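Okay, so here's the structure we're looking at.
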Amino acid sequence: MSDTTVIAGSAPRTFRRFIERFPFLPALVILVVLLVLNGVFEPNSLSYRAIRGLISTYLALILLSVAQTYVIYAADLDLSVGAILSLVNVGIIVLMQHLGGSPGGVLLACGAGILIGLACGIVNGIVVAVLRLQAIVATFATSILFTGLALYVLPVAGTPAPTVYWRTYGGTFFGFPFVFFVAVAVAIVLFLIARTRLITQLLSVGDDQQAAYQTGLPVTMIRLKGYALCGVFAALAALCVTGDTASGDPLVGGEMTLNSVAAVVLGGTALSGGVGSVTGSVFGALIIGLISSLVFFVGTPSEWQNLVQGLAILLALMVGVLVGRRAKS
């Protein structure tokens, strides 16, 4: 066998190992391409102010995609994340109003919002993992339940958030936007969570649930914890939405659910479970945001924007999936 043949054979294996180690790599390449294209059609889109706006606008989707990732690790799915976001959004708005909008009341309401998200996640975990209903059906049903609760809490959108809340979220500290500090804090938390045993267990369950059970792993509790973690991050996403929109809306998270699933897939996480990373999901959420911006910058007529955006996301999904399959073949 010639040296050329050996090199040609080793190259695909090296590429496969590289993609297996860094499943978010295709998403990173797509993200860079989109950044360049946005810069070509609108040079100001790469300015400091534009990047700040991008992070502020899509931080909620990033967190929601991270939330979705944790349940998909275990080969589950959560179609209620958008409804949880909406419920927490209206819940904290109403609480802030009742508590007078003081800084202490705002912090108390935010803490309550995280507990609401945790409770919703636990409900999903019980229904899916304990009662063993199909995740896609069960979480679709709970999404209707959570949306109904959100509409009961706040039937009409538009109730404003306290000034101290949205000014803090949109303000600057030490010369840097507050959302940058939030993004750094989220990155640190994700880094720490990624090194916990729970993540390894979720991936093990997603890779082969039966084998995980036979090795003694508490599969039911692991899946329930995944849903609980998902609920907490959905609540954190709601805090960001509330700061960005400065108001309550019982339907604000409606179309964000499927976007979160698309972001997870764009980031290289397999819906079948066992493979993926939250880093890829972050990239996937940013890809969706940049596609939306690019569609606008190229001058697409308003009546065609949704269609073009959907086709662009579909194309990005196809590219990512095909690269992933090539690496595994």
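The values are calculated or read from the model by the stated rules, or taken from the named source; none is laboratory data. It should be emphasised that the depicted structure is a prediction, and the values quoted were computed from it without experimental measurement. No Cβ is skipped: glycine too gets one built from the backbone with ideal geometry, and neighbour counts run over all protein chains shown.
Key figures
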item: Inter-residue pairs, beta-carbon under 8 Å, first in contact (Cβ under 8 Å) with a residue 24 or more places away in the chain and among the hydroxyl-bearing types (Ser, Thr, Tyr) and in segment 24-39, second loosely packed, with under 15 Cβ neighbours inside 10 Å and part of a helix (DSSP H, G or I), 6+ apart; result: none
item: Qualifying residue in segment 199-211 (condition: in contact with a Pro (Cβ under 9 Å, 6 or more places away or on another chain), polar (S, T, N, Q) and surrounded by 13 or more Cβ atoms within 10 Å (Cβ to Cβ)); result: yes
item: Residue list for segment 157-169, restricted to those being touching a residue at least 12 places away in the same chain (Cβ under 8 Å) and either loosely packed, with under 14 Cβ neighbours inside 10 Å or more than 15 Å from CYS240 (Cβ to Cβ) (or both); result: ALA157, GLY158, THR159, PRO160, PRO162, THR163, VAL164
item: Any hit, segment 266-277, residues being of a type in the set (S, T, N, Q) and touching a Pro at 6+ places or on another chain (Cβ under 9 Å); result: yes
item: ARG49, sole failed condition from (1) farther than 21 Å from ALA270 by Cβ; (2) modelled with pLDDT of 90 or more; result: (2)
item: Test: residue in segment 272-282 that is part of a helix (DSSP H, G or I), of a type in the set (Gly, Ala, Ser) and in contact with a helix residue (DSSP H, G or I) (Cβ under 6 Å, 6 or more places away or on another chain); result: yes
item: Unmet criterion (only one of (1) surrounded by fewer than 20 Cβ atoms within 10 Å (Cβ to Cβ); (2) in a loop (DSSP other than H, G, I, E, B); (3) not charged (D, E, K, R)) for THR57; result: (2)
item: Flag if LEU133 is without any contact (Cβ under 8 Å) to a residue 12 or more places away in the chain, within 25 Å of GLY274 (Cβ to Cβ), surrounded by fewer than 20 Cβ atoms within 10 Å (Cβ to Cβ) and among the aliphatic types (A, V, I, L, M); result: yes
item: Residue match in segment 72-91 (condition: out of contact with any helix residue (DSSP H, G or I) (no Cβ under 7 Å at 6 or more places or on another chain) and in contact (Cβ under 8 Å) with a residue 60 or more places away in the chain); result: no
item: Residue match in segment 164-176 (condition: polar (S, T, N, Q) and farther than 25 Å from LEU258 by Cα); result: yes
item: Any chance GLY254 is small (Gly, Ala, Ser) and either assigned to a helix (DSSP H, G or I) or closer than 21 Å to LEU202 by Cβ (or both); result: no
